[in-house]
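Trainee: What follows is a structure written as structure tokens; I'll ask about it next.
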Amino acid sequence: MYVVRPVEPADVGALEALLAASTPGVHTLPRTREKIAALVERSCASFAAHVDIPSEETYLFVLEDLEHRQLAGTAAIHASAGSNGTYFAFRNDVIQQVSRDLNISHSVHALTLCSELTAYSQLSGFTVRDREKAGREAALLSRGRLLYAVLAPHRFGDRFFVPLAGVTDDNGQSPFWDALGRKFFKMDFLDAERVIGGARNRTLIVELMPHYPVYVPLLPGLAQEAMGQIHPSGELAFNLLAEEGFEADEYIDIFDGGPILQAHKNALRSFCGSMVRRVATQDQPPGAPAQLDTMVNYAVASSERNFRAVVVPCTPAESGDTLCLPSWAQQALRVAPGDNVICVRI
Amino acid sequence: MLVIRAITLDDVDPLIEMARQVGSGMTTLKPDRDMLGERVSTAVASFAQTIPPEERDYMFVMEDTANGRLAGVCAIKAAVGLNEPFYNYRIGTLVHSSRELNVFSRMDTLYLSNDLTGSSELCSLFLMPEYRTGHNGKWLSKSRFLFIAQFQQLFTEKIIAEMRGYQAEDGTSPFYEGLGRHFFKMDFDHVDGLTAVGKKSFIAELMPRQPLYVAYLPEDAQAVIGQVHRSTLPARKLLEQEGMHYEGYVDIFDAGPVLQGRVSELRAVRDSVPTVADEGTPEGECDITLVSNTKLDDFRMILTQTCNGGAKVALSMRELQLLNCQAGDPVRTLSLNVRKNTNA
């Protein structure tokens, strides 16, 4: 049994252990205790804040294994990606080359440094313990944070994006970086990520990165191949996000060329497929085989004020106005029969 | 003897014959009767001053008077880029710097430009192989500077010459392979052919409009920017001696350099001497010299030995005939070679 909930000050120690074991590809979460504590503090303040316009808030969620009382994953949302500056990305552009006189018509792929993602909300910091073995709880974690956004739409933008780590080799070298960023930054990929702290909204980016379109055919083959490709560690996140309704083709990361998935919230299943239902108690304990057949898994979330999300098999709730939850789920969600929850099939 | 003179309509047929020997690489001399015929007509009208100065195209031929054959050709276009756009890449610099990271990157860029629009262009120089001896090549090239010196008012302030770019052993252009091919999807020869039939500006319109960072290009393409074809190296040196310089403009296809010079700073303009023809034999210390008459509609030039100093230049009867001059007519002289210690 797992629950997704806002991070709490008491989680700092467990977070430090969890993040220490996570992939080096994820640069969006801090590793030191001091910085983790600062992030947790910021998150708590964000959840507590009254928000009119999404700004500097960062919401950090944790996945808790209720059985073992352990943290099993993290996921975050920045309310506004560019709150401290402009969020930079490369946009995939197609330049049409047409000459009637010469009977030539073809298109050239170019990358343009753009700041369109600045006002989007950014999903980041997705980590799951034992990624290879992860099951439904990973889907719960990915979707849970979006259910919070469904419950508290005023805290977020109308559009969301997620940068996923790009391809690097065993030595941490990125072929895309080597063909592009290195020429401007004059340093290794990991060194650059370290000095910039994984950020994409720093002024020094516009100081150093190319202002003019990068014509893709001019890049070395390896760099072209790496464009839009995910680091193997990001496969789980990618699949979950694609299922959610995120699209990958429009933007890539300016450093490693990894894909940036983006979507309008109305295109996301958490938004368009979620339903408000009243909680009822499941009459019969689950276990009867006939009943199991008809049950479907729902991600269920409580409320903005006291946010919790779980994944639980229930009888289909589409036609009724109630959702029958077993008592453990009611406890985990901290709801009682008669309370409203939102739920979406998972 | 050889004489360089303004082209006439009678030269069209021999010129086409000569153009057959030129081969690829020279886009302004293709053996096409319509094109060359029209060009010669323009040239004749230019010397006759019946068309406006900016439309003129002064073509000169080197004729072997012994057999009446043409030995070479060269030309000056009064102004480029006024009918269709004239494109070059300008090598620019962009500095990317971050104090915070202590990074300072100086990046070369290629800007598609029409900056040289309106300049006069030295072009279409070709010397028949059997005449590539002695001073002929040098003379043919430099003859244009003496013409410019004599008729400065006909030219804009800037003179340019596009030099053929570097090619590998197999005739491919590393710059074209690294850049143009991605945008045109055709072979260099094909592009070259299109350029010859006046479609260069169409092709240029397929080039990216935004500046390009040179650092994106393959190393072999980067290395040849501003480098001439091996066979063009002597021609480049010669133009540089006359006061022309590479100032960061290159051809958009092969990155061959464009040499530029200010009319007022050309050696010919500074050092050529207006003087008077006299019949006689030169005496004293002599020098190989270009001597031209001063008639635009019957421009003629010879290469001969003349002496320094003196108010007049002594020429033989035969030489006066070649210049269509008589003793007492004005002429202009320019030493063929750059004097080592001029005006010391």
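Trainee: Rg/Rh for region B:111-158: what does it come to with C-alpha atoms and Rh from Kirkwood?
Mentor: Across region B:111-158, the Cα-based Rg/Rh ratio is 1.10.
Trainee: Compute the label zone of B:ALA66 within region B:115-158: residues whose backbone N is under 19 Å from the point 7 Å along Cα-to-Cβ.
Mentor: Residues passing the 19 Å test: B:127-140.
Trainee: Same structure again: What does the convex hull of the Cα atoms of region A:105-178 come to per residue, in Å³, rounded to a whole number?
Mentor: It is 195 Å³ per residue.
Trainee: Let me ask something additional. What distance in nm separates the simple spin-label points at B:GLU169 and B:GLU54, each placed 7 Å from Cα in the Cβ direction?
Mentor: 4.9 nm
Trainee: Along Cα→Cβ, 7 Å out, is where each label goes; now give me the distance between the ones at B:ARG209 and B:THR42 in nm to one decimal.
Mentor: Reported label-point gap for B:ARG209 and B:THR42 is 2.8 nm.
Trainee: Another question, if that's okay. Out of every Cα pair in the protein assembly as shown, what percent are spaced more than 39 Å from each other?
Mentor: On the way: 125401 of 237705 pairs.
In whole percent, the long-distance tail amounts to 53.
Trainee: What are the ³J(HN,Hα) couplings of region B:285-294, residue after residue, when phi is run through the Karplus curve with 6.51, -1.76, 1.60 and θ = phi - 60°? Round to Hz, x for glycine and proline.
Mentor: So the J values, rounded to whole Hz, are 6, 10, 8, 6, 9, 7, 10, 10, 7, 10.
Trainee: Evaluate E = 1/(1 + (r/R0)^6) for B:GLU17 and B:THR93, where r is the Cβ-Cβ distance and R0 equals 35 Å; express this FRET efficiency to the nearest 0.05.
Mentor: It comes out at approximately 0.15.
Trainee: What are the ³J(HN,Hα) values, in whole Hz, obtained from phi via the Karplus relation 6.51 cos²θ - 1.76 cosθ + 1.60 with θ = phi - 60°, for each residue of region A:303-312 in sequence order, with x given for Gly and Pro?
Mentor: 9, 4, 5, 10, 6, 9, 9, 9, 10, 8
Trainee: Quote the relative contact order of region A:200-288 in percent (integer), defining contacts as alpha-carbon pairs under 8 Å separated by 6+ residues.
Mentor: Once normalised by length, the contact order is 21 percent.
Trainee: Can you give the three extents of the C-alpha atoms in region A:63-220 along their principal axes, from longest to shortest, in whole Å?
Mentor: 70, 38, 32
Trainee: Before anything else, pin down the relative contact order of region B:130-280: Cα pairs under 8 Å, at least 6 apart, normalised by residue count, whole percent. Don't jump to the answer; show the numbers that get you there.
Mentor: Details: 188 pairs, mean separation 53.6, N = 151.
Relative contact order comes out at 36 percent.
Trainee: Using the Cα centre of chain A as the reference point, and only Cβ charges (+1 on K/R, -1 on D/E), how large is the resulting charge dipole? Debye, rounded to the nearest 20. Please list the in-between numbers first.
Mentor: On the way: 30 positive and 40 negative charges, 109 e Å.
Here chain A has a charge dipole of around 520 debye.
Trainee: Shifting gears a bit: Can you tell me which of B:MET107, B:MET244, B:MET163 moves the most in a GNM of chain B? Springs connect C-alpha atoms under 10 Å apart.
Mentor: B:MET107
Trainee: What is region B:206-250 by shape, rounded, prolate or oblate, if you read a ≥ b ≥ c off the alpha carbon gyration tensor as root eigenvalues and call it rounded for a/c under 1.5, prolate for a/b larger than b/c, and oblate otherwise?
Mentor: Values: a/c = 2.90, a/b = 1.90, b/c = 1.52.
The shape class here is prolate.
Trainee: Can I ask one more? Among B:49-55, B:180-186, B:210-216, A:160-166, how do they line up by average Cβ neighbours within 10 Å per residue, starting with the highest?
Mentor: Most protected by this proxy first, the peptides run A:160-166, B:210-216, B:180-186, B:49-55.
Trainee: Still on this structure, please answer the following. Other chains' Cβ within 10 Å of B:92-99 residues: what's the mean?
Mentor: Values: counts 0, 0, 4, 1, 11, 4, 11, 2.
So the per-residue partner count for this stretch is 4.
Trainee: Return the Rg/Rh ratio of chain A with Cα-based radii and a Kirkwood Rh.
Mentor: Dividing the radius of gyration by the Kirkwood radius yields 1.02.
Trainee: Using only the alpha-carbon atoms, what does region A:1-128 span along each of its principal axes? Please give whole angstrom values in decreasing order.
Mentor: That works out to 72, 34, 27 Å along the principal axes.
Trainee: Going through the cross-link list A:LYS35/A:LYS133; B:LYS77/B:LYS295; B:LYS30/B:LYS77; B:LYS158/B:LYS185; B:LYS138/B:LYS312, which pairs have a Cα-Cα distance over 23 Å in this structure?
Mentor: Cα-Cα > 23 Å for A:LYS35/A:LYS133; B:LYS158/B:LYS185; B:LYS138/B:LYS312; rest within.
Trainee: Provide a whole-number value for the mean count of partner chain Cβ atoms within 10 Å of the Cβ atoms in peptide A:206-215.
Mentor: Average neighbour count from other chains, rounded to a whole number: 6.
Trainee: Can you give the relative contact order of chain B as a percent, counting alpha carbon pairs under 8 Å and 6+ residues apart?
Mentor: 17 percent
Trainee: Calculate one ³J(HN,Hα) per residue across region B:312-320 by plugging θ = phi - 60° into the Karplus curve 6.51 cos²θ - 1.76 cosθ + 1.60, and present them in order as whole Hz with x for glycine and proline.
Mentor: Result, rounded to whole Hz: 10, 10, 7, 10, 6, 4, 4, 5, 4.
Trainee: With r as the distance between the Cβ atoms of A:GLU41 and A:MET295 and R0 = 30 Å, compute the FRET efficiency 1/(1 + (r/R0)^6) and round to 0.05. Write down the numbers at each step before the final one.
Mentor: Working: r = 40 Å, r/R0 = 1.34.
The formula returns an efficiency of 0.15 here.
Trainee: Also: Please give the charge dipole size of region B:178-278, origin at the Cα centre, charges +1 on K and R Cβ atoms and -1 on D and E Cβ atoms. Round to the nearest 20 debye.
Mentor: Around 200 debye, computed over region B:178-278.
Trainee: Additional query: For chain B, with a Gaussian network of springs between Cα atoms less than 10 Å apart, report the residue from B:GLY118, B:GLY226, B:GLY310 with the top mean-square fluctuation.
Mentor: B:GLY310
Trainee: How much of the calculated P(r) for region B:232-344 lies past 21 Å, in percent of all Cα pairs?
Mentor: 46 percent
Trainee: Further, regarding this structure: In nanometres, what is the gap between the two model label sites at A:THR322 and B:GLU100, each 7 Å from Cα along Cα-to-Cβ?
Mentor: 5.6 nm
Trainee: Additional query: Two-decimal Rg/Rh of chain B from alpha-carbon positions, Kirkwood Rh? Mind showing how you got there, number by number?
Mentor: Details: Rg = 21.7 Å, Rh = 21.5 Å.
A ratio of 1.01.
Trainee: To the nearest 20 debye, what is the magnitude of the charge dipole of chain B about its Cα centre, counting +1 on the Cβ of each Lys and Arg and -1 on the Cβ of each Asp and Glu?
Mentor: In debye, rounded to 20, chain B gives about 560.
Trainee: Anyone know which of B:LYS158, B:LYS77, B:LYS237 comes out most mobile in the 10 Å Cα GNM of chain B?
Mentor: Most flexible of the set in this elastic network: B:LYS237.
Trainee: Based on the Cβ-Cβ distance of B:LEU233 and A:ARG194, what FRET efficiency does E = 1/(1 + (r/R0)^6) give at R0 = 51 Å, to the nearest 0.05?
Mentor: 0.55
FYI, it's all coordinate maths here, none of it is from the lab. If you're wondering where the values come from, they're calculated on a predicted model, not measured in any experiment. Methodologically, a virtual Cβ is constructed for each residue, glycine included, from the backbone with ideal geometry; neighbour enumeration extends over all protein chains shown.
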